[in-house]
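Structure record follows, encoded as structure tokens.
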Amino acid sequence: MEKANILFIGAGRMAEAIVSGIAKSDRSYFNTITMANRSNKEKLMHLKDTYGIQMTTDWMKAVQKHDIIVLATPPKTHDELLHMLTPHISGQLVITVAAGIDPQYMEMRLPEETPVCWIMPNTAAQVGMSMSTYTCGQFVESRHRPFIQALLDAIGPAEELTAGQVHDLTAVTGSAPAFIYYTVKALEEAAEAYDISGIQARKLVVQMLKGSVAMLEEGHDPQELMEQVATPGGSTAEGLRVLETYGVDRILKQAVEAVNDHARTNGKESG
Ligand SMILES: NC(=O)c1ccc[n+]([C@@H]2O[C@H](COP(=O)([O-])OP(=O)(O)OC[C@H]3O[C@@H](n4cnc5c(N)ncnc54)[C@H](OP(=O)(O)O)[C@@H]3O)[C@@H](O)[C@H]2O)c1
């Protein structure tokens, strides 16, 4: 492939996050970018004006003119969409960003030897900071990889894993941001109890988090960093003692398992 024409089926938050990232890069991998949804023309017009893309509400007519098809619609739409796509596929790379839709699922529904890829981003894709995981199907060749990489680069760092690992680790990369926001909310509420404004509480907590992340990015181990903060017999050690008494580490691991149990049950239900 030289420069590729890329078609997004689904023009929601995730498709926009990827396209906005591509628009900020040098676009050296992509020629035409087309976005499609079912009915929301206003949204498509906004995307067209903002990112200089093409738009359509009749994606089936557009498939054959594109080299890469990205499915950015809910997981439950995939069975039907892949069925509709099949007659129009002749070697295009098909990518999905939907939870639970792995390469095997797509390969079973698309024409034989179709190259497929499953990318699992998280919501921070909207600010170019997703920690994405991804896995490629058996027919992806080295010529496809620069395009997959360019899409990933548009939304943040990525790690290639096996399909099983992408399923299991979506709990950590995809769902755990909600666990962090839950913690932030609790700390903000605790701060506000000491007579400061919500704005002040947000600033204190967010900057504390940024500093903690910066220390981790320096390569320090979390245990070492905890020991730096909590001198034995000191006040922080008392706070950690409460977390340990309630087994917060165990509770977090249970939360990861609960996400995975639910995802597996859902996967079985959607076939
Ligand atoms: N948002 C995230 O942070 C995130 C993170 C990881 C993975 N994902 C995955 O990304 C996918 C899209 O999520 P999103 O947050 O972007 O959702 P969204 O904002 O709700 O957008 C969904 C898009 O899909 C279109 N659509 C729905 N059903 C369709 C169908 N049958 N045929 C054609 N288009 C259809 C919708 O079009 P209309 O507007 O016309 O209905 C809309 O453009 C999901 O599979 C989700 O699991 C999202």
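Looking across the range 112-126, the residues that are modelled with pLDDT of 95 or more and over 8 Å from the mean Cα position of the chain (by Cα) come down to 112, 113, 114, 115, 116, 117, 118.
Looking only at residues in the range 55-64 that are out of contact with any strand residue (DSSP E or B) (no Cβ under 8 Å at 6 or more places or on another chain) and not hydrophobic (A, V, I, L, M, F, W, C), the one that is least open to solvent (accessible area, probe 1.4 Å) is 64.
Per-residue answers, yes or no, for (1) open to solvent by 70 Å² or more (accessible area, probe 1.4 Å); (2) farther than 22 Å from residue 126 by Cα; (3) in the same structural domain as residue 257 (by TED's automatic domain parsing):
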{"residue": "174", "(1), (2), (3)": "no, no, yes"}
{"residue": "181", "(1), (2), (3)": "yes, no, yes"}
{"residue": "188", "(1), (2), (3)": "no, yes, yes"}
{"residue": "207", "(1), (2), (3)": "yes, no, yes"}
{"residue": "226", "(1), (2), (3)": "yes, yes, yes"}
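Considering 137, 52, 91, the condition of being of a type in the set (Gly, Ala, Ser), out of contact with any strand residue (DSSP E or B) (no Cβ under 9 Å at 6 or more places or on another chain) and open to solvent by less than 70 Å² (accessible area, probe 1.4 Å) is satisfied by 91 alone.
At least 1 residues being closer than 30 Å to residue 96 by Cβ is the threshold, and among the helices (runs of 4 or more DSSP H) wholly inside the range 167-271 those reaching it are 176-192, 198-217, 248-269. Residue 67 meets the stated requirement of being open to solvent by 40 Å² or more (accessible area, probe 1.4 Å), in contact (Cβ under 8 Å) with a residue 24 or more places away in the chain, of a type in the set (Asp, Glu) and under 24 Å from residue 149 (Cβ atoms). If a residue must be open to solvent by 30 Å² or more (accessible area, probe 1.4 Å) and out of contact with any helix residue (DSSP H, G or I) (no Cβ under 6 Å at 6 or more places or on another chain), how many such residues does the range 150-162 contain? Looking only at that region, the number is 6.
Looking only at the range 1-49, residues that are assigned to a helix (DSSP H, G or I), over 20 Å from residue 129 (Cβ atoms) and either open to solvent by 40 Å² or more (accessible area, probe 1.4 Å) or more than 9 Å from the ligand (Cβ to nearest atom) (or both) come to 8 in all.
The values are calculated or read from the model by the stated rules, or taken from the named source; none is laboratory data. From a predicted model like this one, the values you see are computed outputs, not experimental measurements. Because the Cβ atoms are built from the backbone with ideal geometry, glycine has one as well, and the counts that use them run over all protein chains shown. The protein model used for the area step is the full one, side chains on, heavy atoms only, and it has no ligands, DNA or RNA in it. Shrake-Rupley method; radii C 1.70, N 1.55, O 1.52, S 1.80 Å.
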